[in-house]
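K.L.:
Handing you a structure now.
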Amino acid sequence: TYGEKLNYKISYGLVEAGHVQLNVKKTSKKIQNRNVYHIIGLGSSSKTFDWFFKIRDRYESYVDYEKLVPLLFLRDVNEGGYVIKQTYEFDHLMGVVNTEKGSFSIEKNIQDMLSCFYFARTLDLNNLKKGDVLIFNAFVDEESYPLKVKFLGKEIIKIKSGKFKALKFCPIVQTGRIFKTEESLSVWISDDYNKIPLLVKANILFGALRMEMIKMEGELNPSSVIR
């Protein structure tokens, strides 16, 4: 919903490595004459890590308010001096996305790197069984990519912001560059209407990362909180 703001702390082992903020803003701007959600994702390394690997990432997605598909995606990242700038304009009627590198055909209801995170939260998870796999498409780096997420069951987790009933998922990731195995990434979301991402753990080639929600703002009333 408009006004939702989620803040996360990223840890590398026992060291605080950075922060992530996800924000859904209300905007009067229209894209393709459509009302939109303006979603902003910000990521930055901590001062401790800046000297080692400085990260300043900004992602923006303008998502059709009714159809929940991205219309415009902006990526501006600097990761250790490696800079990426991307602008994707989605034309779902024609089934193409226009980029700096040309036009590409896309599947119906395809998502971008940021909108896929919010689209997943709109799915009906009530009838999921352990081992079920959810699949939907995203357009990443000029390529359509099928995102696969396996449901691992229900758990109760305790993080800094509270104790929650949670649903555990395992996104199937590509091995080699960062991750050790296809199931090196685990995600816990609140087991309620909001489906808030609470905790992410990743076993990578050079250690372990943890992203934990530390603060949430907006019209949120998670019923999964255990007092």
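K.L.:
Just for the stretch 32-47: of the residues that are in contact with a strand residue (DSSP E or B) (Cβ under 6 Å, 6 or more places away or on another chain) and either among the aromatic types (Phe, Trp, Tyr) or not in a strand (DSSP E or B) (or both), which one is nearest to Asp91 (Cα to Cα)? Spell out how you get there, then give the answer.
P.N.:
Looking only at the stretch 32-47, we keep the residues that are in contact with a strand residue (DSSP E or B) (Cβ under 6 Å, 6 or more places away or on another chain), and these are 32, 34, 36-46.
This time we only want the ones that are either among the aromatic types (Phe, Trp, Tyr) or not in a strand (DSSP E or B) (or both), so: 32, 37, 46.
On the way: Gln32: 9, Tyr37: 17, Ser46: 38 Å.
My answer is Gln32.
K.L.:
Report every pair of residues separated by at least 6 positions or lying on different chains whose Cβ atoms are under 9 Å apart, first residue within the stretch 100-129 and on the phi > 0 side of the Ramachandran plot, second part of a loop (DSSP other than H, G, I, E, B).
P.N.:
Close Cβ pairs (under 9 Å, with a partner that is part of a loop (DSSP other than H, G, I, E, B)) amount to Gly102/Glu142; Asn109/Lys67; Asn109/Leu68; Asn109/Val69; Asn109/His92.
K.L.:
Next question, about the same structure. Of the residues Lys29, Lys25, Lys85, Lys67, only one is of a type in the set (Lys, Arg) and part of a loop (DSSP other than H, G, I, E, B); which?
P.N.:
Within the list Lys29, Lys25, Lys85, Lys67, the selection yields Lys67.
K.L.:
While we're looking at this one, here's another question. Considering each of Ile110, Ile106, Ile157 in turn, give the residue that is closer than 23 Å to Glu217 by Cα, at pLDDT 90 or above and hydrophobic (A, V, I, L, M, F, W, C).
P.N.:
Numbers: Ile110 fails: closer than 23 Å to Glu217 by Cα; Ile106 fails: closer than 23 Å to Glu217 by Cα.
Sole residue among the options that is closer than 23 Å to Glu217 by Cα, at pLDDT 90 or above and hydrophobic (A, V, I, L, M, F, W, C): Ile157.
K.L.:
Which residues, counting only those in the stretch 110-144, are within 17 Å of the chain's Cα centre (by Cα) and open to solvent by 80 Å² or more (accessible area, probe 1.4 Å)?
P.N.:
Taking the stretch 110-144 as the starting set, the residues that turn out to be within 17 Å of the chain's Cα centre (by Cα) are 110-123, 134-141, 144.
Correct list: Ile135 only.
K.L.:
Does the stretch 1-22 hold any residues that are part of a loop (DSSP other than H, G, I, E, B) and either within 29 Å of Val69 (Cβ to Cβ) or open to solvent by less than 20 Å² (accessible area, probe 1.4 Å) (or both), and which are they?
P.N.:
Correct list: Thr1, Tyr2, Gly3, Glu4.
K.L.:
Continuing with the same structure: Enumerate the pairs (first residue in the stretch 154-166 and over 19 Å from Lys215 (Cβ atoms) and open to solvent by 20 Å² or more (accessible area, probe 1.4 Å); second residue anywhere and not in a strand (DSSP E or B) and not basic (Lys, Arg)) with beta-carbon separation below 6 Å, excluding pairs fewer than 6 apart on the same chain, so at least 6 apart or on different chains.
P.N.:
Lys165/Asp191; Lys165/Ser224
K.L.:
Right, here's the next one. Tell me yes or no: at least one residue of the stretch 86-97 is under 16 Å from the mean Cα position of the chain (by Cα) and open to solvent by 60 Å² or more (accessible area, probe 1.4 Å). Give the derivation first.
P.N.:
The first filter runs over the stretch 86-97 and keeps only residues under 16 Å from the mean Cα position of the chain (by Cα), leaving none.
Within the stretch 86-97, none of the residues are under 16 Å from the mean Cα position of the chain (by Cα) and open to solvent by 60 Å² or more (accessible area, probe 1.4 Å).
K.L.:
A further question follows. Just give me the residues in the stretch 128-168 being assigned to a loop (DSSP other than H, G, I, E, B), out of contact with any Ser or Thr (no Cβ under 9 Å at 6 or more places or on another chain) and not small (Gly, Ala, Ser), in sequence order. Write out each step before concluding.
P.N.:
In the first step, residues of the stretch 128-168 are kept if they are assigned to a loop (DSSP other than H, G, I, E, B); the result is 128-132, 140-143, 160-161.
Okay, now just the ones that are also out of contact with any Ser or Thr (no Cβ under 9 Å at 6 or more places or on another chain), so 128-132, 140-141, 143, 160-161.
Within the stretch 128-168, Leu128, Lys129, Lys130, Asp132, Val140, Asp141, Glu143, Lys160 meet the criteria.
K.L.:
Could you say whether any residue in the stretch 183-204 is modelled with pLDDT under 85 and within 30 Å of Ser105 (Cα to Cα)?
P.N.:
Yes, some residue in the stretch 183-204 is modelled with pLDDT under 85 and within 30 Å of Ser105 (Cα to Cα).
K.L.:
Could you please give the count of residues in the stretch 73-82 that are in a strand (DSSP E or B) and either farther than 14 Å from Gly41 by Cβ or open to solvent by 30 Å² or more (accessible area, probe 1.4 Å) (or both)?
P.N.:
5
K.L.:
Further question: Pull up the stretch 38-71, narrow it to residues that are out of contact with any Ser or Thr (no Cβ under 9 Å at 6 or more places or on another chain) and open to solvent by less than 50 Å² (accessible area, probe 1.4 Å), then point me to the one that is farthest from Val15 (Cα to Cα).
P.N.:
Asp64
K.L.:
Please enumerate the residues belonging to the stretch 86-95 that are within 27 Å of Leu42 (Cα to Cα) and in contact with an Asp or Glu (Cβ under 9 Å, 6 or more places away or on another chain). Before the answer, list the steps.
P.N.:
Our first condition is that a residue be within 27 Å of Leu42 (Cα to Cα); within the stretch 86-95, this holds for 86-92.
Correct list: Gln86, Thr87, Tyr88, Phe90, His92.
The values are calculated or read from the model by the stated rules, or taken from the named source; none is laboratory data. From a predicted model like this one, the values you see are computed outputs, not experimental measurements. Every residue, glycine as well, gets a Cβ built from its backbone with ideal geometry; the counts of neighbours run over all protein chains shown. SASA here: full protein model, heavy atoms, side chains in, ligands and nucleic acids out. Shrake-Rupley method; radii C 1.70, N 1.55, O 1.52, S 1.80 Å.
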